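> Got a structure for you, written out below as structure tokens; questions coming shortly.
Derivation of every value follows stated rules applied to the coordinates shown; laboratory data play no part. In this text the structure is predicted, and so the values were computed from the model without any measurement. All Cβ positions, glycine included, derive from the backbone under ideal geometry; neighbour counts span all protein chains shown.
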Amino acid sequence: MSETGPEGLQNSMEAALARLVDGGDHLEFLQALAGSEVLLPQPEGHGEQTVLPIMQEQDGQQFIPAFTSTERLAEAGLAGQDVVAVGGAELGAHWPADPLPLTLNPGSEISVAVPPEAMRALPNLLGS
């Protein structure tokens, strides 16, 4: 997991997410996620170690937020926060045993929750 600037993110991930939201294929979306990078917000003073941030919805449901672009990050009110760009397959390979889903672009019109079992399967989808 490496810290990079937002310029390295692939907009193809947002396109795949938009297709999924419009009724597209789940497998196509998961393959795109496995081969793309997402932005993980990091707490202040996180140091060299990447932290999986946990957010909570109003109903108490917890999730790990990730964003497909700095624009989506700003929409969530997190502009200027430290972020780490992480490959989807790498993220899935380190997914915790907790039943936490990944929510891509929380608060955006193109947002989706990815169940933990789908996250853990991402490394197997590369090259499929």
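> Quick one: Karplus J couplings for segment 83-100, per residue in order, coefficients 6.51, -1.76, 1.60, θ = phi - 60°, nearest Hz, x for Gly and Pro?
Going residue by residue, I get 9, 10, 8, 10, x, x, 5, 5, 4, x, 5, 10, 5, x, 6, 4, x, 7 Hz, with x marking Gly and Pro.
> At a threshold of 8 angstrom on Cα-Cα distance, excluding pairs fewer than six apart, so keeping six or more, what relative contact order does the chain reach in percent?
Numbers: 232 pairs, mean separation 38.9, N = 128.
In percent, rounded to a whole number, it is 30.
> Assuming a viscosity of 1.306 mPa s and a temperature of 10 °C, what translational diffusion coefficient in µm² per second does Stokes-Einstein assign to the chain, Rh being the Kirkwood radius over Cα pairs?
109
> Quick check: pseudo-label points 7 Å beyond the Cα along Cα→Cβ at Q56 and R19, how many nm apart are they?
3.8
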